[in-house]
Amino acid sequence: MGRMVKKDFTSILAERFVAIVSFRVNKLAEPVEPLKLYEYLAKGTTVIYTGNVKVASLPVLVADNIVRFVPLIEKAIYADIIEVRKARSIRSKCYS
């Protein structure tokens with residue numbers, strides 16, 4: 001897609017069913033703050049997260065192993081309806 005400005009990114013994100021925020025689970029990734037995660041949540045996009053930052057308080061799906069990863073993507077796609085997106089976006093406004 002190349003370099004994009006924020007307004008272009010916002011319109012593309014609105015068309016997506018799911019966003020994947022992935023980090024290797026290791027000591028190097030422990031202090032990383034997944035900033036994009038908050039932007040995705042504020043837009044109402046379902047987020048599947050793989051990493052070791054504690055996200056229990058956030059409305060994300062956590063794929064803590066490869067076996068759970070694909071089923072969570074499928075779940076996110078099939079459960080993506082406008083009402084759910086709106087509710088997720090409202091719940092997540094405090095993160096934007």
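Every read-out reported here was derived from the displayed coordinates using simple, explicitly stated rules and does not represent laboratory data. The shown structure was predicted, so the numbers you read here are calculated from the model rather than taken from an experiment. Here Cβ is always computed from backbone atoms with ideal geometry, including for glycine, and neighbour counts include all displayed protein chains.
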Phi-derived 3J(HN,Hα) across region 85-90 with the Karplus relation (6.51, -1.76, 1.60, θ = phi - 60°), rounded Hz, x for Gly and Pro, is 4, 4, 4, 5, 5, 5
Between residue 19 and residues 5 or more places away or on another chain, the pairs with built amide H atoms under 5 Å apart involve 46, 47, 48
For region 33-72, the percent of all C-alpha pairs falling in each 5 Å bin, from 0 up to the bin holding the max distance, is 5, 24, 34, 24, 11, 1
Rounded to two decimals, the Debye log10 I(q)/I(0) of region 28-96 (Cα scatterers, no solvent) at q = 0.24 Å⁻¹ is -1.12
Taking Lys and Arg as +1 and Asp and Glu as -1, residues besides residue 91 with C-beta under 13 Å from its C-beta add up to +4
